[in-house]
Amino acid sequence: MDPKNEIEQITMGNTEAEEAPQIDTKQELALDVQRLFRESWDAKQQLNLNQLWKMCDDYKHNRQNPKQSMEHPASVTNVIHRIVESQIADLVDKPYSSAAKGWEPGDDMLAAQAQNLIDFVLHRNRFKEKVNASEHDRLELGTTIIKVWFDHDAMDGRGMPKFEPISPVNFYIDPKVQHTYDLQDAEFIIHATPRPLSWFRDNFELGKYVQREVSIPYNPQQVFTDDRTDEVHVGTSQKALLLECYLKDEEGEVYCLHVANDIVLEDSRDKVKGKLQRRDQYPFVVINCYNRRGTLWGMGDVELLIPTQDLINELDDQIRMNARMMGNPQIA
């Protein structure tokens, strides 16, 4: 396709006008995935997590102590930012090293080769950059999620292990799971991410039928303040919400459904010959900063520092207001 037509397709929406050709059972399956997504969303809302994460992100980025009147100083002495960044610098700036030890006596001769492979995988996955993003989620929001899988198409078809930090806002899990070490006991896990319509068209056969979602009632992008800058213009907001749902069948084997717009874009049971995951485990790891009782989600340092930050801002306000009143004393 020439560049002119490609630009026109982006402007027009990267989509087809007719409905996707899928059977009724597939549509019912897509509706079931969306129902699980909404129920997990409501469970997070019950814990007030979205509001809490938004407040933690605002405090970290200096959106705090708003001006209440013309005389209000609205002091912001941000101690949260420097505390969080200093902790992350101590973790990320140090050099990292890997080690491989043999499990059996015959494995020792292959340990050096395995260590080189580990170093290569970490380097190609941009380990330090992703650890930096992961630690920001853990310290600021209380929980970090790492997605781990094997990409068969990487390295010109030779394949390579991949890992990626996922924002807790985009992670929806069975609410019955209350501990990070019980993650594999979940009945479902959903990774919800907004994707461009061109991405759907390029990656799925039915992707050309995905329509632009103007308003999403359960939108992960509604949590953070700076997360919807792409919606300034219609042409740059051609996107839809992708639900990547992992489930287990009656035999305990993991399979994955990709759903958008009530369309099952892909069912791993129809595409993958054999198992999706060799050990039948969900490809996610959850790490908390501080554990909470009765829930999978953790508590971060920002949540603990918010009362201290409010007290510092209030004291600064009082100091500045007192200085203003004493700045022009009357002399009798």
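The values are calculated or read from the model by the stated rules, or taken from the named source; none is laboratory data. Quick caveat, the model's predicted, so the values are computed rather than measured. Here the Cβ positions follow ideal geometry from the backbone for every residue, glycine too, while neighbour counts run over all protein chains shown. Side chains are part of the model used for accessible areas, which takes the heavy atoms of the whole protein and leaves out ligands, DNA and RNA. Shrake-Rupley method; radii C 1.70, N 1.55, O 1.52, S 1.80 Å.
The table below lists the values:
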read-out: Per residue value of the accessible surface for the stretch 127-190 (all protein chains in place, 1.4 Å probe), Å²; value: 46
read-out: Surface share of carbon and sulfur [accessible, 1.4 angstrom probe, percent] for the stretch 27-170; value: 53
read-out: Stretch gain in nm, segment residue 212-residue 25, where the contour uses 0.36 nm per residue and the Cα spacing is subtracted; value: 65.0 nm
read-out: Other-chain or far-sequence residues with amide H under 5 Å of residue 162's (modelled H); value: 149, 150, 151
read-out: Residue 320 paired with residue 119, simple spin-label distance in nm, labels 7 Å along Cα-to-beta-carbon; value: 5.2
read-out: Segment residue 61-residue 104, length gained on full extension (0.36 nm per residue, minus Cα span); value: 10.4 nm
read-out: Spacing of the two label points (7 Å from each Cα toward its C-beta) at residue 229 and residue 153, in nm; value: 2.8
read-out: Pairwise centroid distance, computed over Cα atoms, of the stretch 16-90 with the stretch 129-193, Å; value: 17
read-out: Which listed pairs, of 60/147; 67/239; 54/147; 54/130; 128/271; 94/162, have C-alpha distances above 29 Å, in listed order; value: 67/239; 128/271
read-out: Ordering of 130-141, 283-294, 192-203 by packing [mean C-beta count within 10 Å, highest first]; value: 130-141, 192-203, 283-294
read-out: Long-range amide H partners of residue 290 with built H, under 5 Å; value: 299
read-out: Whole-percent carbon and sulfur share, accessible surface of the stretch 201-284, 1.4 Å; value: 42
read-out: Listed values (i) 20.6; (ii) 21.4; (iii) 23.3, entry calculated as Kirkwood radius over Cα pairs in Å; value: (iii)
read-out: Computed lengthening from residue 69 to residue 82, 0.36 nm per intervening residue step minus Cα-Cα distance; value: 1.8 nm
